[in-house]
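The values are calculated or read from the model by the stated rules, or taken from the named source; none is laboratory data. Owing to the predicted nature of the structure, the values given are computational and were not obtained by experimental measurement. Because the Cβ atoms are built from the backbone with ideal geometry, glycine has one as well, and the counts that use them run over all protein chains shown.
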Amino acid sequence: MLDRYEITSVKARQVLDSRGNPTVECEIRTRGGGFGRAIVPSGKSTGKHEAVELRDGGLDWNGKGVSKAVKNVNDVIAPKIVGTDCRNQEALDYTLIALDGTPNKAKLGANAVLSVSLANAVAAASTKDTPLYYHLNALFGKPEMTLPVPFFNILNGGEHAGNKLAIQEFMIAPIGAKTFSEALKMGAEVYHELRNILIERYGRGAVNVGDEGGFAPPLKKTRDALDVIMEAIHRQGYESEIRLSIDVAASTFWTGKYYKIDGKRMKSERLLKFYTDLIEEYPIINIEDPFHEEDFDSFAMLTERVGKDVQITGDDLFVTNPRRIEQGIVKKSANAILLKLNQIGTLTEAFQAARLAYDNDWYVMVSHRSGDTEDPFIADLAVAISCGEIKAGAPARGERTAKYNRLLRIEEETEFSYAGKRWVLK
Ligand code: PEP
Ligand code: MG
């Protein structure tokens, strides 16, 4: 008997993301009065191998409309899943995968498919009257839950900003905080201190923000950005608690022959040396996408060199895709994956990616997208899979604080511990 867990309606619509571009929102209702809503985010420095985001093209919305994806949910997907049991996430996701029938969700659109997959999980939790993180944790099957270390992106470059910095994200991670709320306080204080310093040095124009809410000052060189962040940490007295992280997003400045960074042209060996020097000079604990998205071998060289002390995370390299993660495991290309739901398109496949990482003693960092929304789903996800790390942008801007504020609420209503201790303080 399906009774209260039976899906009774599935409805999608077009809404806006944080960049003002259209995206897909889906709502699912169940017979027991359950309700789930999910909004799909959208990347800018997207990996070549990501699942396909279906856009309308044409003139309206500058070609970025998602009415076809919305129609696919309402006319193609809804009739197949109304009447099924929302508790069976895997069965639902395999139905979506089969209905699409392509390896990269190109037919229905990963945006259409993911909106349904996530709204279903939210509707199931709501019907059970249980918090989303509990429901996701039961689906994922990990014995514990923890509150993740927030990796705050406080200074933006690359494709997320209009400045000349090659590196896309400069993050601070308060690993030495005792609790998530203390980590949030440290992050916000350093963010504001950085604002003060940037105004002092470069004037008010330097504190305009990039896509993820971090400042986008007119700096050119990596060390200039790291130095100003270290100064902000120092002024707030958090040298002992806060460490640094960078998302290089190296595909965005790879020309096909060399990397263009800091006014230089670097081949991969020189770039590798650049990173090992930075690691000596600054307290860096994580480097994401240090090389371009096909260069499994250079990733492996860096991991071999520094992977005992530094997390090397594959984002565009793996695109949350178990097949690409398997290649990376064979080649020892990294020791962590970035988990982005819309890179793969269903919750079940994202869980497979995370399990694969865990089974090989790799780490998992849950991530937002540069075009994100008020949907806090990934906060519950990071708690549920107990990965201990999340990046959701600056501690500012509604679509970013939606995730951090949700984590505050989870902290208040549970006894889950803060995951800072998983990092060794050096
Ligand atoms: C990233 O590269 O990790 C990121 C969040 O940016 P985007 O969403 O533009 O891929
Ligand atoms: Mg990235």
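So which residues in region 239-281 are closer than 21 Å to T313 by Cβ and assigned to a strand (DSSP E or B)?
R243, L244, S245, I246, D247, W254, Y259, I261, M266, listed by residue number.
Identify all residues within region 166-198 that are within 16 Å of A392 (Cβ to Cβ), more than 16 Å from ligand 1 (Cβ to nearest atom) and polar (S, T, N, Q); write none if there are none.
S181
Could you tell me how many of the residues in region 123-175 are over 15 Å from D380 (Cα atoms) and of a type in the set (G, A, S)?
The total comes to 6.
Given the options D359, D380, name the one that is without any contact (Cβ under 8 Å) to a residue 12 or more places away in the chain and more than 16 Å from ligand 1 (Cβ to nearest atom).
Working: D380 fails: without any contact (Cβ under 8 Å) to a residue 12 or more places away in the chain.
Step by step, each of D359, D380 is checked, and only D359 is without any contact (Cβ under 8 Å) to a residue 12 or more places away in the chain and more than 16 Å from ligand 1 (Cβ to nearest atom).
Would you confirm whether or not region 1-9 contains a residue that is modelled with pLDDT under 95, on the phi < 0 side of the Ramachandran plot and either in contact with a strand residue (DSSP E or B) (Cβ under 9 Å, 6 or more places away or on another chain) or of a type outside the set (A, V, I, L, M, F, W, C) (or both)?
yes
Residues to consider are D211, D224; find the one that is modelled with pLDDT of 95 or more, among the acidic types (D, E) and in a helix (DSSP H, G or I).
Working: D211 fails: in a helix (DSSP H, G or I).
Exactly one residue qualifies, and that residue is D224.
Give me a count of the residues in region 142-180 that are among the polar types (S, T, N, Q) and either under 28 Å from Q352 (Cβ atoms) or assigned to a strand (DSSP E or B) (or both). Before you say what the answer is, go through the steps one by one.
Applying the first criterion (among the polar types (S, T, N, Q)) to region 142-180 yields 146, 153, 156, 163, 168, 179.
Keeping just the survivors that are either under 28 Å from Q352 (Cβ atoms) or assigned to a strand (DSSP E or B) (or both) gives 146, 153, 156, 168.
Selection size over region 142-180: 4.
Within region 70-94, count every residue that is farther than 30 Å from A138 by Cα and within 25 Å of the chain's Cα centre (by Cα).
Number of matching residues: 0.
Could you figure out which of (1) without any contact (Cβ under 8 Å) to a residue 60 or more places away in the chain; (2) in contact with a Ser or Thr (Cβ under 6 Å, 6 or more places away or on another chain); (3) among the hydroxyl-bearing types (S, T, Y) isn't true of T252?
Of (1) without any contact (Cβ under 8 Å) to a residue 60 or more places away in the chain; (2) in contact with a Ser or Thr (Cβ under 6 Å, 6 or more places away or on another chain); (3) among the hydroxyl-bearing types (S, T, Y), only one is false for T252: (1).
Provide a single number: the residues in region 109-141 that are under 21 Å from G32 (Cβ atoms), free of Cβ contacts under 8 Å to residues at least 60 places away in the same chain and in a loop (DSSP other than H, G, I, E, B).
Matching residues across region 109-141 total 2.
Tell me which of these N156 doesn't satisfy, since it passes every other one: (1) in contact (Cβ under 8 Å) with a residue 24 or more places away in the chain; (2) more than 18 Å from E288 (Cα to Cα).
All conditions are met except number (2).
Mind listing just one residue for me: the one in region 179-206 that is under 22 Å from the mean Cα position of the chain (by Cα) and over 20 Å from V383 (Cβ atoms) and, of those, surrounded by the fewest Cβ atoms within 10 Å (Cβ to Cβ)?
Only one residue fits best here, namely A188.
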